[in-house]
1. With the requirement that a residue be over 21 Å from Gly57 (Cα atoms) and among the hydrophobic types (A, V, I, L, M, F, W, C), what does region 126-165 give you?
2. For the condition in contact (Cβ under 8 Å) with a residue 40 or more places away in the chain and either open to solvent by 50 Å² or more (accessible area, probe 1.4 Å) or among the polar types (S, T, N, Q) (or both), what is the one hit in Pro160, Pro124, Pro112, Pro189?
3. Taking the options Ala144, Ala153, Ala136, name whichever one is surrounded by 15 or more Cβ atoms within 10 Å (Cβ to Cβ) and closer than 26 Å to Gly32 by Cβ.
4. Hey, among the residues in region 94-109 that are open to solvent by 30 Å² or more (accessible area, probe 1.4 Å) and outside any helix (DSSP H, G or I), which one's modelled with the highest pLDDT?
5. For Trp44, state whether it is of a type outside the set (Gly, Ala, Ser) and assigned to a helix (DSSP H, G or I).
6. From the residues in region 45-81 that are charged (D, E, K, R), open to solvent by 50 Å² or more (accessible area, probe 1.4 Å) and at pLDDT below 95, which one is farthest from Arg133 (Cα to Cα)?
7. If we keep just the residues of region 1-44 that are of a type in the set (Lys, Arg) and within 16 Å of Glu91 (Cα to Cα), which is most open to solvent (accessible area, probe 1.4 Å)?
8. From the list Asp72, Asp68, Asp52, Asp87, pick out the single residue that is assigned to a helix (DSSP H, G or I), acidic (Asp, Glu) and farther than 13 Å from Ile34 by Cα.
Amino acid sequence: MEDCQRLRAIVRQNATFMQALTLLRQQALPDGWIGAGAVRSLVWDALTGQPDWRVPGDMDVCYFDERDLSADTERGYQVSLRTLCPDLPWEVCNQARVHLWYPQAFGKTVPPLRNMHEAVASWPEYATCVAVRLTAQDDIELLAPHGLEDLFALRIRHNPVRASLADFRRRLASKRFDQRWPGVHIIEP
């Protein structure tokens with residue numbers, strides 16, 4: 001089965017993830033998606049035979065609105081989603097405003113992102129550079145600028161677009177990918 005079809009099937013088989021996608025669609029965030037660790041965890045739990053998807057540390061919601069770079073708007077979306085479904089650890093980020101907080105968080109100035117494709121392509125590991133959303137016709141739309149090969153190969157590789165090697169190594173230590181998912185392959189640069 002093609003990786004895109006496999007990903008859609010895994011998403012559809014999980015009632016909690018489908019509920020999250022439905023709530024996100026109802027909120028109508030500008031160019032809104034669920035991605036990163038939320039998608040990676042869902043897929044890796046399925047591939048490694050985890051009995052039930054364990055919601056990750058964050059239900060990563062990303063959207064792109066360069067007309068409104070307000071942190072208050074971003075927080076408002078997060079509060080709204082948490083009110084609708086408090087059982088999920090919603091984390092909402094307007095990718096159009098990443099350049100505003102990135103220097104303080106990571107000590108590096110970065111240019112503004114131009115669109116959601118560019119944003120997803122910049123996430124720290126290739127396996128997490130994936131986002132999904134539910135269309136008005138209930139189709140699952142995918143955004144995977146680097147493809148799905150690393151995701152389905154259970155492979156962690158540094159994506160140097162934004163994350164430094166030091167940040168990547170800190171993530172490896174904190175996320176403990178290989179302890180949570182048997183068979184994960186970590187490729188050190």
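1. Leu134, Ala136, Ile140, Leu142, Leu143, Ala144, Leu148, Ala153, Val161, Leu165, listed by residue number.
2. Details: Pro160 fails: in contact (Cβ under 8 Å) with a residue 40 or more places away in the chain; Pro124 fails: either open to solvent by 50 Å² or more (accessible area, probe 1.4 Å) or among the polar types (S, T, N, Q) (or both); Pro189 fails: in contact (Cβ under 8 Å) with a residue 40 or more places away in the chain.
The match here is Pro112.
3. After ruling out the rest, the residue left standing is Ala144.
4. Out of the qualifying residues, it is Thr109.
5. Details: of a type outside the set (Gly, Ala, Ser): yes; assigned to a helix (DSSP H, G or I): yes.
Criteria met by Trp44.
6. Asp52
7. Narrowing region 1-44 to residues of a type in the set (Lys, Arg): 6, 8, 12, 25, 40.
Remaining after also requiring within 16 Å of Glu91 (Cα to Cα): 25, 40.
Details: Arg25: 84, Arg40: 15 Å².
Going through the qualifying residues, I end up with Arg25.
8. Details: Asp68 fails: assigned to a helix (DSSP H, G or I); Asp52 fails: assigned to a helix (DSSP H, G or I); Asp87 fails: assigned to a helix (DSSP H, G or I).
Step by step, each of Asp72, Asp68, Asp52, Asp87 is checked, and only Asp72 is assigned to a helix (DSSP H, G or I), acidic (Asp, Glu) and farther than 13 Å from Ile34 by Cα.
The values are calculated or read from the model by the stated rules, or taken from the named source; none is laboratory data. Just so you know, these numbers come straight off a predicted model, no measurement behind them. Here Cβ is always computed from backbone atoms with ideal geometry, including for glycine, and neighbour counts include all displayed protein chains. Just the protein is used for accessible areas: all its heavy atoms, side chains included, with ligands, DNA and RNA removed. Shrake-Rupley method; radii C 1.70, N 1.55, O 1.52, S 1.80 Å.
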